[in-house]
1. What order do Met1, Met34 take when sorted by accessible area (1.4 Å probe), most exposed first?
2. Please find, in a Gaussian network model of the chain (springs between Cα atoms separated by less than 10 Å), the residue of Ala70, Ala55, Ala89 whose mean-square fluctuation is greatest.
3. Which whole-number percent gives the relative contact order of segment 1-101, counting Cα pairs below 8 Å spaced six or more residues apart?
4. Using only helices, what value at 222 nm comes out for the chain when you add -39,500 (n - 2.57) per DSSP H run of length 4 or more and divide by the total residues, to the nearest 500 deg cm²/dmol?
5. Under the classification rounded if a/c is under 1.5, otherwise prolate if a/b is larger than b/c and oblate if not, where does segment 42-115 fall, given a ≥ b ≥ c as square roots of the Cα gyration tensor eigenvalues?
6. Pairing the Cα long axis of helix 2-24 with the longest principal axis of the chain, what angle in degrees results, from 0 to 90 and rounded to the nearest 10?
7. Trypsin sites (Lys or Arg not before Pro) within segment 5-108: which are DSSP loop residues with at most 12 other Cβ atoms inside 10 Å?
8. Give a residue-ordered list of calculated ³J(HN,Hα) values for segment 80-97 (Karplus: 6.51 cos²θ - 1.76 cosθ + 1.60, θ = phi - 60°; whole Hz; x for Gly, Pro).
Amino acid sequence: MFIAYAVVGVLLALVIGTSAVLTFLRNEAITASMGKVGVPDTWLPRLASLKAAGALGLLIGLGVPLIGSAAAIGVFLYFIGAVVAHVRAKDYEIAPAVVLALLAAAALALRVLSA
């Protein structure tokens, strides 16, 4: 189970880490998507920091199971919040957020099962 967690955790960390960097850099695609759901520009650094912390926590979770579990929970909640924000704004382009939430749930399950 640990190898499965390592694969899912590292891939998820890579994706959300990249997303964090692009959010910090105010990538046009990300800012447009967040703008469609009403996220103020002032929130972008905070949201990018949350994504970066989640990515780092997933990587630390390779050695410290409690941190990996906490990070997976945080990433899951972040993307559930993203799905809710998109649905509330009647923007149904939610597939990326749903997939990332499911990957975070898988990472949590695998981290717990491998401990």
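1. Working: Met1 125, Met34 25 Å².
Heavy-atom accessible area, descending, gives Met1, Met34.
2. Fluctuation is largest for Ala89.
3. On the way: 97 pairs, mean separation 25.7, N = 101.
Value for segment 1-101: 25 percent.
4. Numbers: 5 runs with 93 residues, N = 115.
Only helices count here, giving -27500 deg cm²/dmol.
5. On the way: a/c = 3.37, a/b = 1.64, b/c = 2.06.
Oblate, because a/c is 1.5 or more while a/b does not exceed b/c.
6. Its long axis makes an angle of about 30 degrees.
7. On the way: sites: Arg26, Lys36, Arg46, Lys51, Arg88, Lys90; in loops: Arg26, Lys90.
Taking segment 5-108 and a limit of 12 other Cβ atoms within 10 Å, the loop trypsin sites (Lys or Arg not before Pro) found are Lys90.
8. Per-residue couplings from phi come out as 5, x, 5, 4, 4, 4, 5, 5, 4, 8, 6, 10, 9, 8, 10, 3, x, 5 Hz.
The values are calculated or read from the model by the stated rules, or taken from the named source; none is laboratory data. Note that the structure is a prediction, hence the values are computed from the model and not measured. Counting neighbours? That spans all protein chains shown, and the Cβs are built from the backbone with ideal geometry, glycine included. Side chains included, ligands, DNA and RNA excluded: accessible areas come from the protein's heavy atoms. Shrake-Rupley method; radii C 1.70, N 1.55, O 1.52, S 1.80 Å.
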